[in-house]
Amino acid sequence: SGVIGLFHSGVGFIAWVIFRKRKWKEEEEDEEEQKAEEKDNQKVKDQPKTEQNGQIEEKISDQGKVQNKKPSQPAIFIPVDRSPEIQEARLKLPILAEEQVVMEAVRENPCVVICGETGSGKTTQVPQFLYEGGYASGNGIIGITEPRRVAAVSMSHRVAKEMSLSTRVVSYQIRYEGNVTDETKIKFMTDGVLLKEIQKDFLLQRYSVIIIDEAHERSVYTDILIGLLSRIVPLRNKKGMPMKLLVMSATLRVEDFTENQKLFRTPPPVIRVDARQFPVTIHFNKRTPLEDYTGEAFHKTCKIHRMLPPGGILVFLTGQVEVHSLCRRLRKAFPFRKGNTTTGEDEEADTSEAMRKFKKAKQKKTSLPRIDLDNYSALPVDEGDEDREAGIGDEEDGGSDLDIGDDPADTEEKADPSIPLYVLPLYSLLAPEQQAKVFRPPPPGTRLCVVSTNVAETSLTIPGIKYVVDCGRVKKRFYDRVTGVSSFKVTWTSQASANQRAGRAGRTEPGHCYRLYSSAVFGDFSLFSEAEITRRPVEDLVLQMKDLNIDKVVNFPFPTPPSAEALVAAEQLLVSLGALEEPPRTGRVKEIQRARLSCPITPLGRAMASFPVAPRYAKMLALGKQQDCLPYVIAVVAAMTVRELFEDLDRPGRSEDESSKLTQRRARLTQMRRLWAGQGASLLLGDLMVMLGAVGACEFAGCTPKFCEANGLRYKAMVEIRKLRGQLTNAVNAVCPEVGLFVDPEMTPPTEQQVFCLRQIVVAGLGDHLARRVQAEDVLDPKWKNGYKTPLMDDPVFIHPTSALFKTMPEFVVYQEIMETTKMYMRGVSAVEAEWVPQLLPQYCHFSPPLESPPPRFCSSTGTIRCHRSSTFFRVGWQLPAVEME
Ligand code: CDP
Ligand code: MG
């Protein structure tokens, strides 16, 4: 009956959902209007193919006549007060020469594409042009989206400074924070933030212009935004509330946007900005180091510093751990003892800053920072994903195993320490104060050396760089199409990216780019990077789109559509979570197939879409109210959403001594985690109980870096969880105001009953991640020893030795995700009672004898059940215990 109660209150919960969505249908009505518009724009039509500015100007003077016929807005000029230095620096930017062209094109066209090399001034100047042109002087404001948080924050500060305006006027909004006010006229935000806003107000009535920046990065949200805006802009114009769309891109491949008939019926004009780029000499390595490219980067940087004339060095590596490791090594080789650049200081500064803020929050007696409701997150996936690490331990002594004390390089290259090297790290998760350092001139008499992930490739332009050292690689998260198994892999970058990186050396004078690979290898690079949307599961996006009443996601004008496979998988998952209506099972095959790809959203789906987490977790939140479990569900979901709660225990030691120390620490921390999981009932919640325990214990201790260090927790992750808990609480309150939840940082541990309920909630969300231990008699192949079978995979998966359930090995488990390292390991494992499978997950079961369809939620018969799909192990039946009915 507990189970039944669970579902009942679930239904009651979602009944609170308010419908506030606009019909996507309007778009079709709009078709007529579009055609009329097309006629009007006939003269502009050939423009996208025009590449020379001269021709553009010609076209534009041509359009002048159009303008006379149909006067649009009068030319307005809003004066901006700029300091002489800023004014001087601006005039050097290539985009300034195109101001007229840009403004004319924007006036005459609903959508415009601007394409120009990184550093040409697009991000900082175009919003200013529009501001001066009066686009923010009426009711609407200017919005700019960035795929990375770093860029949104730093660009808003920069533009505010250039325009001598306060950050109340030129503001930013990112996942957790922002400084937007009523006075805001220019708003920088991450693309995910704008996507959420579209869900609240499909017409984006607050904005008069939207600029989609860094479109070449092809981030999923950017792609979707362009698709959505290609419909929103005509709709706004139709309703007499004109709106402009600018798409800005660094590379020349804009055909996906301009020559995509599905996207823009009238191809938008492309303005190409001449890059005033100085020549960059490319030096290829003779050989390509396969493993130790960080070491190679170290040697190259040392050489440049010792032998070559002044000029900043920018080193591209793939991730945070590598960046810190190289920074440490360079600082050791060329010590710089002034101010705050000694080893490890960055992290400390970072930490103490967070600590200060936390203390301040505490003094105010607000137990947790209450985050205002407009300050929502993007979607579940973290922005700047490739800058993240699968297993980070860099706050510790760590670094990569390349950082070997007795490396011959250390002695060989120690060299001439007379000119200090001013070494700075740069990656997207770095605290903003630390990031800002790279824009300031280095201390006099030093040489600047920035060690960066690909954040510096196009998003940020660092002044004074003359030498680029490029490892040629990039870290990306890869997903298995079928199973969703993910892993971080370092792969070769594309030719376009490598050229972008090289270009960073020629911003202020002729420069040099040292590629740590051979020209033959370069020749094998793909020309461009793939759009992210083609590489990842899309259930979160599909849910968000359904929430916008885009039922036929297949027909959505994606600049690059995701694979049909991925869309089908997403739709299936969402149906099984109850977020979408079930498609009919009978009828003509074609119709069934079509219906399967256009299931409308359910009230539960709407509630789920309003939570800023992936659909599986959103389902848990939607069920979480029961037995007062919500605070626990929120804590667990927050912990699962933040990558790497725990210090990396799999890191290899650098020496025997260190290895043994690591082994000891590993054993101690594993033991500690088992303690958090507790005994008996709570242990069965498994790794999720450990997460809950970690959050609870950490909050109880005041969430200090010291506590985290002592308990093998990542401090930054804990701070992020704290923020996310506040945010999720607000999201739940918004959907279900009567709960009136507030986050109590000092959670009391859940009761046994609550744990029981929590376990079921977890199963309801992670149902498709079910795994069953192979039975002893079924193990013929030794590789299956201690293995688990999942419905979709042929190979066994395993419980990680650090998991709370490693020793328990329950028959059924659900897992958060599978990460492939040395084996396929399940992460975030929780035990499932066998009888829950047919009760909570009938959609994943075959019943024998078959049940009438659709399968009832609860089954009172005793009989043999088989989980579906062709797995041998699932075919082994077991007795289904009688279930009490209400
Ligand atoms: O967007 P795009 O890459 O075309 O250029 P931008 O980001 O607007 O940068 C234009 C110029 O402003 C570059 O030369 C940057 O070095 C400079 N800038 C700066 O000095 N400080 C900042 N915080 C941002 C940009
Ligand atoms: Mg830019």
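Structural remarks
- Sorting F700, F558, F525, F257 by the number of Cβ atoms found within 10 Å of their own Cβ, with the fewest placed first, yields F700, F525, F558, F257.
- Spin-label model distance (nm) - A595 vs E820, 7 Å beyond Cα toward Cβ: 3.7
- Note: relative contact order over region 508-628, using C-alpha pairs below 8 Å and six or more positions apart, is 24 percent.
- Backbone geometry of region 791-796 corresponds, through the Karplus equation with coefficients 6.51, -1.76 and 1.60 at θ = phi - 60°, to 3J(HN,Hα) couplings of x, 9, 10, 7, 8, x Hz, x marking Gly and Pro.
- Relative contact order for region 161-303: 14 percent, from Cα pairs under 8 Å spaced at least 6 residues apart, divided by residue count.
- Between region 813-839 and region 159-185, the Cα center-to-center distance that results, in Å: 44
- Cα centroid of region 554-623 to Cα centroid of region 97-131, whole Å: 38
- Grouping the Cα pair distances of region 188-230 into 10 Å bins from zero gives a pair-distance distribution of 28, 64, 9 percent in increasing distance order.
- At R0 = 30 Å, FRET efficiency that the Cβ-Cβ distance of K552 and S526 yields, to 0.05: 0.45
- Cα gyration tensor category, rounded, prolate or oblate, for region 125-222 with a/c compared to 1.5: rounded
- Separation of alpha-carbon centers, region 444-518 and region 230-244, rounded to whole Å: 38
- Global form of region 222-276, assessed from the alpha-carbon gyration tensor, a/c cut-off 1.5: prolate
- Length-normalised contact order for region 665-720 - Cα pairs under 8 Å, 6+ apart - percent: 26
- Positive minus negative residues near A804 (Lys, Arg vs Asp, Glu; Cβ under 10 Å): +2
- Shape category assigned to region 482-625 from the gyration tensor of Cα positions, a/c cut at 1.5: prolate
- Label point distance in nm, T586-N733, each placed 7 Å from Cα along Cα→Cβ: 5.0
- Neighbour counting of Cβ atoms within 10 Å sorts the residues Y207, Y844, fewest neighbours leading, into Y844, Y207.
- Burial ranking of peptide ranges 195-203, 661-669 (average Cβ count within 10 Å, highest at the top): 195-203, 661-669
- Point-to-point label distance, E85-T560, nm (Cα→Cβ direction, 7 Å offset): 4.1
- Here E709 and D657 are evaluated by their C-beta separation; at R0 = 25 Å the FRET efficiency comes out at 0.75.
- Annotation: for a label point projected 7 angstrom from Cα along Cα→Cβ of V490, residues of region 800-839 with backbone N closer than 17 Å are 821-822.
- With the Kirkwood sum run over all distinct C-alpha pairs, region 158-313 has a hydrodynamic radius of 19.4 Å.
- Against the empirical curve 2.2 N^0.38 Å, the C-alpha radius of gyration of region 483-533 lands at a ratio of 1.44.
Just so you know, all these numbers are worked out from the coordinates, no wet-lab data involved. A quick note: this is a predicted structure, and the numbers were derived from the prediction, not measured. Positions of Cβ are generated from backbone atoms using ideal geometry, with glycine treated the same way; all protein chains shown enter the neighbour counts.
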